[in-house]
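Shown next, in structure tokens, is the structure this report addresses.
Nothing in this text is a laboratory measurement; each read-out follows from the coordinates by a stated rule. Just so we're clear, the structure is a prediction, and the values are computed from it rather than from any experiment. Cβ sites come from the backbone with ideal geometry, for glycine too, and all protein chains shown count toward neighbours.
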Amino acid sequence: MPGELPILYSFRRCPYAMRARMAIAVSGQTCALREVVLREKPPEMIAVSPKGTVPIVVLPDAEIIEESLEIMHWALEQNDPEGWLAPLNYGRDDIRALIAENDGQFKDNLDRYKYPPRYELPDPLHHRAQGVVFLKKLNARLLKTAYLSGAKFTFADAAISPFIRQFANTDREWFNALDLSGLQHWLQNILESDRFLGVMDKYPVWASGMDEPAFPSANSS
Ligand SMILES: N[C@@H](CCC(=O)N[C@@H](CS)C(=O)NCC(=O)O)C(=O)O
């Protein structure tokens, strides 16, 4: 692997890493991928980013990008062939607010629904119901337009869909029975798309001294 490629620390099933990988893939940027397991993070990763979360990009000049939304911006600001940034560049504060709500309140409810034993006084169904408030907001948009900011898949769809996937997968039968057809079609359509499946390949866990595979891999679409 040539030394000048950016390094991407990633974890396949992490929703933050998924959205970063989708943006990197669409931008045409290639990274050297270091797949990690969260319970055993490589010391090289902690050395560059002590907060210890994935995804992280390490640029050839040693600059570190350690927030998934910033990684998306970094990739798309170099090359944005599908215009993912256009809604944000056109001052869509509603889209920024939607992403902030996803990352804040909705993610809190998702964690408390999906991983109740981690919390004191767990009440997963209360948090599931709170999560539905956000799902309804998304659904109202998706009954009007195919994607969150309009007719095309853009930044917001990549940023939010991995979290809706996780929420849905916690109890698929219950999710499928909700009266939220706009949201359900949107999610299904994304989960079956090459842009999503192409960033879900499995890679061996990286350890010091191992060669890094290229991401996206040459044969993924
Ligand atoms: N704000 C960060 C959050 C990233 C994050 O929390 N990632 C999780 C995995 S999905 C993580 O690395 N957690 C650390 C751990 O579980 O030890 C971002 O947007 O990149």
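Only Lys, Arg, Asp and Glu count, each charged at its Cβ (+1, +1, -1, -1), so figure out the dipole size of the stretch 86-196 about its Cα centre, rounded to 20 debye.
Working: 15 positive and 14 negative charges, 43 e Å.
Dipole of the stretch 86-196, to the nearest 20 debye: 200 debye.
Using θ = phi - 60° and the Karplus relation 6.51 cos²θ - 1.76 cosθ + 1.60, list the HN-Hα couplings for the stretch 13-21 in order, rounded to whole Hz, with x at every Gly or Pro.
Rounded to whole hertz, the list is 8, 7, x, 5, 5, 4, 5, 5, 5.
Excluding same-chain residues fewer than 8 positions from Lys137, which lysines have a Cα within less than 20 Å of its Cα?
Within the straight-line limit of under 20 Å, Lys137 reaches these lysines: Lys107, Lys152.
Among DSSP beta bridges whose residues both lie in the chain, state the antiparallel percentage, nearest 5. Please list the in-between numbers first.
Details: 8 of 13 bridges.
Here the antiparallel bridges make up roughly 60 percent for the chain.
To the nearest 20 Debye, how big is the dipole of the stretch 92-135 about its Cα centre, given +1 on the beta carbon of each Lys and Arg and -1 on that of each Asp and Glu? Kindly include the intermediate steps, with their values, before the conclusion.
Details: 7 positive and 8 negative charges, 33 e Å.
The dipole of the stretch 92-135 has a size of about 160 debye.
Quick check: from the Cα gyration tensor, does the stretch 1-77 come out rounded (a/c under 1.5), prolate or oblate?
Numbers: a/c = 1.56, a/b = 1.21, b/c = 1.29.
Since a/c reaches 1.5 but b/c is at least a/b, the shape of the stretch 1-77 is classed as oblate.
If you average the C-alpha positions of the stretch 174-200 and of the stretch 37-66 separately, how far apart do those two centres end up, in angstrom?
About 30 Å separates the Cα centre of the stretch 174-200 from the one of the stretch 37-66.
What is the stretch 48-161 by shape, rounded, prolate or oblate, if you read a ≥ b ≥ c off the alpha carbon gyration tensor as root eigenvalues and call it rounded for a/c under 1.5, prolate for a/b larger than b/c, and oblate otherwise? Write down the numbers at each step before the final one.
Details: a/c = 3.13, a/b = 1.17, b/c = 2.68.
In terms of gyration-tensor shape, oblate.
Using just the helices of the chain, give the 222 nm mean residue ellipticity in deg cm²/dmol: DSSP H runs with n ≥ 4 each add -39,500 (n - 2.57), and the total is spread over all residues, rounded to 500.
Numbers: 11 runs with 106 residues, N = 221.
Value at 222 nm, helices only, nearest 500: -14000 deg cm²/dmol.
Which of Val132, Asn109, Leu88 sits closest to the plus end of the dipole of the stretch 86-196, meaning its Cα is farthest towards the positive end, when Lys and Arg get +1 and Asp and Glu get -1 on the C-beta?
So the residue we want is Leu88.
Might you report the magnitude of the Cβ-based charge dipole of the chain about its Cα centre, with Lys and Arg at +1 and Asp and Glu at -1, to the nearest 20 debye?
On the way: 24 positive and 29 negative charges, 154 e Å.
Here the chain has a charge dipole of around 740 debye.
Could you pull the Rg and Dmax for the chain, using just the Cα atoms, both in Å?
17.6, 51
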